[in-house]
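Colleague: My questions will all concern the structure given below.
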Amino acid sequence: MSEFSAVPVALAGRSYEILIGRNLIDRAGSEIARLLPKARAAIVTDETVAGLHLARLEASLAAAGIQSVAIRLAPGEATKNWHDLGRVVDSLLAGRLERGDVVVALGGGVIGDLTGFAASMVRRGMRFVQIPTTLLSQVDSSVGGKTAVNSPYGKNLIGAFYQPMLVLADTALLDTLSDRETRAGYAEVVKYGLIDSPAFYDWLESGHWRGIFEGTADREEAVRIACAAKAAVVTRDETETGDRALLNLGHTFGHALEQVTGYNATRLVHGEGVAIGMAMAHRFSRDLGLCPGQDAERVSRHLATVGLPTRLAEVPGGVGTVKDLIAAIRQDKKVTRGTLTFILTRGIGQSFIARDIEESTVRAFLETEMT
């Protein structure tokens, strides 16, 4: 068994660990049995991940004496909906899973978000474990207890804060990702540097980002740093009433782009939307006189070097009109009594929450971005 690192998420009565390392999926059974002796398990996954990793997880659970049943869903963002949520809930009840049993999310952010939400509802709350299989989910969505499904009105608008009992970030599973999926996940990695850690951003930009793609020790280090950063924020602000909102850098624009493109992964995936959103947040900050122009350019240049989009014009099929984008932005979860909130920046690693941004100011900025 290879070495692994542990990042604690310290929450009163709901603390858990994020274990990070290669081949941790083989340890899943023993780790779950240690926390929940004699529990049964339901594994929620998608068809793509099932073909790659399900048998290995089932073998690990069986070796630890844990009976399991698998629930398979279609891959993709479109699965985060009421219908598929209901399928998972009904499957858990039909399988007679008890409150003391465990639901295991084996997949990326879509599976993790939907599974956690289902676990929060069934029998008024079942224990669940995250085994994220994408870079994006390992450094972001699997940590912190945000669970949700999408609505026609916007992304992640229906959900709950519900913490897992364990996160197993097996970095060897990332070897099976496509380059596009790795790039999309990288957007969430570099985000942590752009929020409040210029040293981490410098480390990535200096060339260590390549190790994340190549699977060197830099991958484990980047996942560890990102998870530790998120754990620290979640510990301070579990339900996003304060500075946890900083983790949404780039997401106000990014979520709007996902909505106007119909959550169509052939056109745009979440990490690509976040990349464009982060570049836009820096340009918006520049235009407001908050951020040096060279920092905004530096961010766009690095994202482009990695292979991520930074402009609206790079979204296949277009992004509709400024009116469409404003309507989507108005459904953002940070909107308070009708006023717009953005995560803006004074420079790399200097992000802050900007409240009461005038819609006319946003509209004028989007008009320039459309050209």
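Colleague: Of these, Val234, Val223, which one is in contact (Cβ under 8 Å) with a residue 24 or more places away in the chain and under 15 Å from Val190 (Cβ atoms)? Walk me through it before giving the result.
Modeller: On the way: Val234 fails: under 15 Å from Val190 (Cβ atoms).
Criteria check complete, one pass: Val223.
Colleague: In addition: Looking at the stretch 1-60, which of the residues that are among the β-branched types (Val, Ile, Thr) and part of a strand (DSSP E or B) is nearest to Val234 (Cα to Cα)?
Modeller: Here is the first cut: in the stretch 1-60, the residues among the β-branched types (Val, Ile, Thr) are 7, 9, 18, 20, 25, 32, 43-45, 48-49.
Adding the requirement that they be part of a strand (DSSP E or B) leaves 7, 9, 18, 20, 43-45.
Details: Val7: 12, Val9: 8, Ile18: 13, Ile20: 18, Ile43: 26, Val44: 25, Thr45: 26 Å.
Top of the filtered list is Val9.
A quick yes/no check of all residues on (1) closer than 21 Å to Gly145 by Cβ; (2) aromatic (Phe, Trp, Tyr); (3) assigned by TED's automatic domain parsing to the domain that holds Asp140:
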residue	(1), (2), (3)
Leu166	yes, no, yes
Thr171	no, no, yes
Arg183	no, no, no
Ala199	no, no, no
Trp203	no, yes, no
Ser206	no, no, no
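Colleague: Select from the stretch 61-87 the residues that are over 18 Å from Asn264 (Cβ atoms), part of a helix (DSSP H, G or I) and aliphatic (A, V, I, L, M) and list them in ascending order.
Modeller: Correct list: Leu61, Ala62, Ala63, Leu85.
Colleague: Restricting to the stretch 308-336, count the residues that are small (Gly, Ala, Ser) and surrounded by fewer than 15 Cβ atoms within 10 Å (Cβ to Cβ). Quick ask: steps written out before the conclusion?
Modeller: Of the stretch 308-336, the ones small (Gly, Ala, Ser) are 313, 317-318, 320, 327-328.
Keeping just the survivors that are surrounded by fewer than 15 Cβ atoms within 10 Å (Cβ to Cβ) gives 313, 317-318.
Looking only at that region, the number is 3.
Colleague: Quickly run through the stretch 293-329 and pick out the residues that are of a type in the set (Ser, Thr, Tyr) and under 14 Å from Gln259 (Cα atoms). Even if it seems obvious, please write down each step before you answer.
Modeller: Pass one, the stretch 293-329, residues of a type in the set (Ser, Thr, Tyr): 300, 305, 310, 321.
Correct list: Thr321 only.
Colleague: Now, a different point. May I ask you to say which residue of Thr171, Thr235, Thr176 is surrounded by 18 or more Cβ atoms within 10 Å (Cβ to Cβ) and among the polar types (S, T, N, Q)? Give the steps one after another, and end with the answer.
Modeller: Values: Thr235 fails: surrounded by 18 or more Cβ atoms within 10 Å (Cβ to Cβ); Thr176 fails: surrounded by 18 or more Cβ atoms within 10 Å (Cβ to Cβ).
Just one listed residue meets the conditions, Thr171.
Colleague: Next question, about the same structure. For the stretch 266-300, give me each residue that is in contact (Cβ under 8 Å) with a residue 40 or more places away in the chain and farther than 15 Å from Ala187 by Cβ. Step through it out loud before you land on a result.
Modeller: Step one: of the stretch 266-300, the residues in contact (Cβ under 8 Å) with a residue 40 or more places away in the chain are 266-272, 274-275, 278, 280-285, 287-288, 290-292, 295, 298-299.
Scanning the stretch 266-300 gives Thr266, Arg267, Arg283, Phe284, Ser285, Asp287, Leu288, Leu290, Cys291, Pro292, Asp295, Arg298.
Colleague: Name, by its number, the condition in (1) surrounded by fewer than 18 Cβ atoms within 10 Å (Cβ to Cβ); (2) closer than 20 Å to Arg127 by Cβ; (3) of a type outside the set (Gly, Ala, Ser) that does not hold for Asn81.
Modeller: (2)
Colleague: Can you list the strands (runs of 3 or more DSSP E) lying wholly within the stretch 111-170 that have 2 or more residues being farther than 25 Å from Ala328 by Cα, at pLDDT 95 or above and not small (Gly, Ala, Ser)?
Modeller: Values: elements: 127-132, 146-151, 154-161, 166-170.
In the stretch 111-170, 127-132, 166-170 are the strands (runs of 3 or more DSSP E) which contain 2 or more residues that are farther than 25 Å from Ala328 by Cα, at pLDDT 95 or above and not small (Gly, Ala, Ser).
Colleague: Here's a follow-up. I'm trying to understand the selection: among the residues of the stretch 338-352, which are loosely packed, with under 15 Cβ neighbours inside 10 Å and under 26 Å from Val190 (Cβ atoms)? Spell out the reasoning first.
Modeller: Within the stretch 338-352, the subset loosely packed, with under 15 Cβ neighbours inside 10 Å is 338-339, 346.
Residue satisfying the conditions is Arg346 alone.
Colleague: So which residues in the stretch 138-164 are surrounded by fewer than 20 Cβ atoms within 10 Å (Cβ to Cβ), hydrophobic (A, V, I, L, M, F, W, C) and touching a strand residue (DSSP E or B) at 6+ places or on another chain (Cβ under 6 Å)?
Modeller: Leu157, Ile158, Ala160
The values are calculated or read from the model by the stated rules, or taken from the named source; none is laboratory data. Bear in mind that the values here come from a model prediction, so they are computed numbers and not experimental data. Here Cβ is always computed from backbone atoms with ideal geometry, including for glycine, and neighbour counts include all displayed protein chains.
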